Amino acid sequence: AKTVQDIAKNLHNDFLNMKNVLIECYGYDPANIVLVMGDGNGYPDLPVDYPGSIAGLDQALDSYAPGGSRALTSADNLFLYTFNHGGFNGTNAYLCMWPGWQDYYDYQLKTKLDNINCGQLITAMNQCHSGGFINEVLATTGPSQVTIMTACSESQSAYPAAIGGHGYFSVVLYTAMN
């Protein structure tokens, strides 16, 4: 079996690394992994399901709510991994979405997560100011159990590591998942 380190050092992209870690180390079904990124066109080794826009993220999250195409139940777990730019306006944290750095606020994410009735939500956020999402994610009412890990506090930036340009948080997360 491959180790997390084998996967991380041989792949070029944090999303691709996380997808492969989930599949090869934890047995996730590739059909259950949804990627929201960029303009939605994807790459040969990394197909994208939804564009990385506000509408794309909303569509992806709505697909997990009751009546959605991937509706979850209390027996299901949802792993939400964000790796993007983020900001904090003094009150709310936000993800910078494509195109044009549109702001997707912590309270917008909470509203979507409130509608997802899964047994466990695990959130790992790698963007700057990701700690600003903690209170909103922990306050979600849809999932039965909620865990959140962030790269930094709401007032801090997240930086790439010297190892392959991956974020420090990603490197630590891959190692911990081994």
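Overview of results
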{"item": "Residue list for segment 36-56, restricted to those being open to solvent by 20 Å² or more (accessible area, probe 1.4 Å) and closer than 19 Å to LEU78 by Cβ", "result": "VAL36, MET37, VAL48, ASP49, TYR50"}
{"item": "Close pairs from segment 102-130: first within 22 Å of PHE15 (Cα to Cα), partner surrounded by 22 or more Cβ atoms within 10 Å (Cβ to Cβ) and of a type in the set (D, E, K, R), Cβ under 8 Å, at least 6 apart", "result": "ASN126/ASP14"}
{"item": "Of all residues in segment 1-35 being farther than 20 Å from ASN77 by Cα and part of a loop (DSSP other than H, G, I, E, B), the one that is modelled with the highest pLDDT", "result": "ASN13"}
{"item": "Selection count where residues are crowded, with 20+ Cβ neighbours inside 10 Å, of a type outside the set (Gly, Ala, Ser) and in contact with an Asp or Glu (Cβ under 8 Å, 6 or more places away or on another chain), scope segment 89-111", "result": "5"}
{"item": "Output for segment 59-83, where each listed residue is part of a loop (DSSP other than H, G, I, E, B) and open to solvent by less than 60 Å² (accessible area, probe 1.4 Å)", "result": "SER63, TYR64, ALA65, GLY68, ALA71, LEU72, ASP76"}
{"item": "Test: residue in segment 66-76 that is free of Cβ contacts under 8 Å to residues at least 24 places away in the same chain, in contact with a Ser or Thr (Cβ under 6 Å, 6 or more places away or on another chain) and within 18 Å of ILE116 (Cβ to Cβ)", "result": "yes"}
{"item": "Any chance CYS118 is at negative phi and surrounded by 18 or more Cβ atoms within 10 Å (Cβ to Cβ)", "result": "yes"}
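Conditions tested, residue by residue: (1) in contact with a Pro (Cβ under 8 Å, 6 or more places away or on another chain); (2) farther than 29 Å from SER74 by Cβ; (3) modelled with pLDDT of 95 or more.
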| position | (1), (2), (3) |
| --- | --- |
| ALA93 | no, no, yes |
| GLY100 | no, yes, no |
| TYR104 | no, no, yes |
| LEU113 | yes, no, yes |
| GLY119 | yes, no, yes |
| ILE134 | no, no, yes |
| LEU138 | no, no, yes |
| THR150 | no, no, yes |
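The values are calculated or read from the model by the stated rules, or taken from the named source; none is laboratory data. Since the structure is predicted, the reported quantities are computational estimates derived from the model, not experimental observations. Neighbour counts are summed over all protein chains in view; Cβ atoms, including those assigned to glycine, are modelled from backbone coordinates with ideal geometry. Areas reflect the complete protein model, heavy atoms only, side chains present, ligands, DNA and RNA absent. Shrake-Rupley method; radii C 1.70, N 1.55, O 1.52, S 1.80 Å.
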